[in-house]
1. May I ask you to list the residues in the range 140-164 that are assigned to a strand (DSSP E or B) and either under 12 Å from the mean Cα position of the chain (by Cα) or closer than 16 Å to Asn176 by Cβ (or both)?
2. Just give me the residues in the range 106-121 being open to solvent by 40 Å² or more (accessible area, probe 1.4 Å), in contact with a Ser or Thr (Cβ under 9 Å, 6 or more places away or on another chain) and either more than 30 Å from Ala50 (Cα to Cα) or part of a helix (DSSP H, G or I) (or both), in sequence order.
3. Which one of these does Leu137 not meet: (1) touching a residue at least 24 places away in the same chain (Cβ under 8 Å); (2) on the phi > 0 side of the Ramachandran plot?
4. For the range 15-30, state whether one or more residues are under 24 Å from Tyr99 (Cβ atoms), in contact with an Asp or Glu (Cβ under 9 Å, 6 or more places away or on another chain) and either surrounded by 10 or more Cβ atoms within 10 Å (Cβ to Cβ) or modelled with pLDDT under 90 (or both).
5. Could you tell me whether the range 37-48 includes any residue that is open to solvent by 50 Å² or more (accessible area, probe 1.4 Å), modelled with pLDDT of 85 or more and touching a helix residue (DSSP H, G or I) at 6+ places or on another chain (Cβ under 6 Å)?
6. Take the residues in the range 132-163 that are over 24 Å from Ile84 (Cα atoms), in contact with a Pro (Cβ under 9 Å, 6 or more places away or on another chain) and not aliphatic (A, V, I, L, M); name whichever of them is least open to solvent (accessible area, probe 1.4 Å).
7. With respect to Asp47, determine if the residue is more than 28 Å from Glu98 (Cβ to Cβ) and without any contact (Cβ under 8 Å) to a residue 60 or more places away in the chain.
8. If you take the residues in the range 165-198 that are part of a loop (DSSP other than H, G, I, E, B) and among the aromatic types (Phe, Trp, Tyr), which one is modelled with the highest pLDDT?
Amino acid sequence: VVIKVLEEPVKGFLGIGAKPAKVEICVKLSDGQRAVDFLRGLFDLMDVNAKCNVSSEEEKIIIDVITDNSSSLIGYRGEVLDAIQNLAGAVANIGRDEYRRVVVDCEGYREKREETLKSLAEKLAQKAVRTGRKVTLEPMNPYERRILHSALSSSEEVKTASEGKEPNRYVVIIPNNLKPYEKKDFKKGGRNGYNKGGKG
């Protein structure tokens, strides 16, 4: 609890006019509950009808969001949900020395997205081995990149690496049978090349 002294006690004279102290006692919110209170205010500002609650505060803080319009909170490939999660994480870690990870999920989106990424990793790994070439994925956030790295960490045919700079960092799947780069010959003019002063 947090105890706030509103009025100091008064001793009085020989016990006459003595008054006890007045204090206000408030239940101290947990890190997760602070984040939930923030999200409720945020959803009001966004004019989104949504409820949220803390489902776990053990290893990491997990906040579940239930809404009748999940697409507006999830956004394209989870971009809106990731932004909400970043804000909730910042609020939950105010005043903390050690950072606690916060996961904001909506209608089980995170689990579905994880399964999609694992399936994608397997398919693209097969493509990389079949063609003997690197496969580059689109930019993703650190959480999604970790899923891809983890999904292929035990593979004996490919390895993965992250390249680029945030926020455009991406995963590259590199096959062990990588073919050397083939330099193509370009001729001036015509379809296969360019004209110095033309449109080619």
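The values are calculated or read from the model by the stated rules, or taken from the named source; none is laboratory data. Everything numeric in this text was worked out from a predicted model, so none of it was measured. Cβ atoms come from the backbone with ideal geometry, glycine included; neighbour counts cover every protein chain shown. What goes into the accessible areas is simple: the full protein's heavy atoms, side chains included, and nothing from ligands, DNA or RNA. Shrake-Rupley method; radii C 1.70, N 1.55, O 1.52, S 1.80 Å.
1. Keep residues of the range 140-164 that are assigned to a strand (DSSP E or B), which gives 158-163.
Within the range 140-164, Val158, Lys159, Thr160, Ala161 qualify.
2. Lys118
3. (2)
4. Yes: the range 15-30 contains one or more residues that are under 24 Å from Tyr99 (Cβ atoms), in contact with an Asp or Glu (Cβ under 9 Å, 6 or more places away or on another chain) and either surrounded by 10 or more Cβ atoms within 10 Å (Cβ to Cβ) or modelled with pLDDT under 90 (or both).
5. Here is the first cut: in the range 37-48, the ones open to solvent by 50 Å² or more (accessible area, probe 1.4 Å) are 37-38, 40, 44-47.
Then drop every residue that is not modelled with pLDDT of 85 or more, which leaves 37-38, 40, 44-47.
If we keep only those that are touching a helix residue (DSSP H, G or I) at 6+ places or on another chain (Cβ under 6 Å) as well, we get 38.
Yes, the range 37-48 contains a residue that is open to solvent by 50 Å² or more (accessible area, probe 1.4 Å), modelled with pLDDT of 85 or more and touching a helix residue (DSSP H, G or I) at 6+ places or on another chain (Cβ under 6 Å).
6. Gly132
7. Yes, satisfied.
8. Tyr181
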